[in-house]
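Colleague: Following this message is one structure expressed as structure tokens.
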Amino acid sequence: MILAEDALAPGDRLWSDAVAHLARKLGRVTPLDPATISADRCLALEQLESWAGSDASTWQVELARFYEEHIPVYMRPDPVLNAVVRQLLGAGLRLAAWSPGPPQVGEIVTHFLGLSRRLELERVDPSHLGPVRLIEELGVSPDDALVVSASPHVLAEAKHAGAATAAALWTGGDREQLLAVLPGYLVETPQELLQPAVSG
């Protein structure tokens, strides 16, 4: 099972506030309007790379620092999700996590949520194809994989590659947009992951 970062905890407000922080802290020389940055992290990262030019590492470090310092304000470890992860591991499933990035952010989130030590792999890949590439890295056939995400684009790419898909609603995913890509499962709570994961 591939768990996208957006299926682990609600992170939209943390991300948007982190971008606003970048605009205040680093936008003096080259102004940055947070309103022009996409809510889709994969697209947003391309926009931020373009804005930063050759100084990409600076904004990535600053954004990771914002996450480290402020994540307790925005997220809480979810005992229900943690219990489900333990049950999935007990059933013999392999679990990995994907984050669009930037580097360090995914690990900050999984560590804070108490999930990092339960994951076989964690990868950062600023592409909607990231979970599909992670399936390949695990040496698993897409037919035997389940991708869990709140991103319609990520689910569409996973479905196109032949993986089973579960649309995560408990972190604030948009129901209508997720339904539009026809995921294999629409899951309201982490517990509902047990049925497709174990039966699949």
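Colleague: Restricting attention to the stretch 152-184, which residues are farther than 17 Å from Arg133 by Cα and of a type in the set (Gly, Ala, Ser)?
Modeller: Within the stretch 152-184, Ala166, Ala167, Ala168, Gly172, Gly173, Ala180, Gly184 qualify.
Colleague: Looking only at residues that are in contact (Cβ under 8 Å) with a residue 12 or more places away in the chain and over 21 Å from the mean Cα position of the chain (by Cα) in the stretch 1-39, which one is nearest to Gly184 (Cα to Cα)?
Modeller: Leu32
Colleague: Quick one: how many residues across the stretch 50-61 are part of a helix (DSSP H, G or I) and exposed (fewer than 15 other Cβ atoms within 10 Å of the Cβ)?
Modeller: 4
Colleague: Quick check: anything in the stretch 8-20 touching an Asp or Glu at 6+ places or on another chain (Cβ under 6 Å) and over 30 Å from Glu192 (Cβ atoms)?
Modeller: No: the stretch 8-20 contains no residue that is touching an Asp or Glu at 6+ places or on another chain (Cβ under 6 Å) and over 30 Å from Glu192 (Cβ atoms).
Colleague: Residues Leu193, Leu186: which one is surrounded by 22 or more Cβ atoms within 10 Å (Cβ to Cβ) and over 20 Å from Pro126 (Cα atoms)?
Modeller: Just one listed residue meets the conditions, Leu193.
Colleague: Scanning for something within 12 Å of the chain's Cα centre (by Cα), within 25 Å of Asp40 (Cα to Cα) and among the hydroxyl-bearing types (Ser, Thr, Tyr), does the stretch 117-136 turn up at least one residue?
Modeller: Looking through the stretch 117-136, at least one residue is within 12 Å of the chain's Cα centre (by Cα), within 25 Å of Asp40 (Cα to Cα) and among the hydroxyl-bearing types (Ser, Thr, Tyr).
Colleague: Which residue pairs have Cβ atoms under 7 Å apart, sit 6 or more places apart or on different chains, and have a first residue in the stretch 160-185 that is among the charged types (D, E, K, R) and a second that is crowded, with 20+ Cβ neighbours inside 10 Å?
Modeller: Listed by first residue and then by second, the contacts come to nothing, as the list is empty.
Colleague: If I filter the stretch 87-95 for residues that are within 25 Å of Gln195 (Cβ to Cβ), at pLDDT 95 or above, among the charged types (D, E, K, R) and not assigned by TED's automatic domain parsing to the domain that holds Ala20, do I get at least one hit?
Modeller: Within the stretch 87-95, one or more residues are within 25 Å of Gln195 (Cβ to Cβ), at pLDDT 95 or above, among the charged types (D, E, K, R) and not assigned by TED's automatic domain parsing to the domain that holds Ala20.
Colleague: Output the residue which, of all residues in the stretch 186-200 that are among the hydrophobic types (A, V, I, L, M, F, W, C) and touching a residue at least 60 places away in the same chain (Cβ under 8 Å), is farthest from Ala9 (Cα to Cα).
Modeller: Once the filter is applied, the top-ranked residue is Val198.
Colleague: Also: May I ask you to list the residues in the stretch 80-108 that are surrounded by fewer than 22 Cβ atoms within 10 Å (Cβ to Cβ), closer than 13 Å to Glu5 by Cβ and touching a Ser or Thr at 6+ places or on another chain (Cβ under 8 Å)?
Modeller: Glu107, the sole residue that qualifies.
Colleague: I've got another one for you. Taking into account only those residues within the stretch 131-153 that are closer than 20 Å to Gln104 by Cα and touching a residue at least 60 places away in the same chain (Cβ under 8 Å), which is surrounded by the fewest Cβ atoms within 10 Å (Cβ to Cβ)?
Modeller: This residue is Leu134.
The values are calculated or read from the model by the stated rules, or taken from the named source; none is laboratory data. Remember, predicted model here, so these are calculated numbers, not experimental data. So basically every Cβ, Gly included, is an ideal-geometry build from the backbone, and we count neighbours across all protein chains shown.
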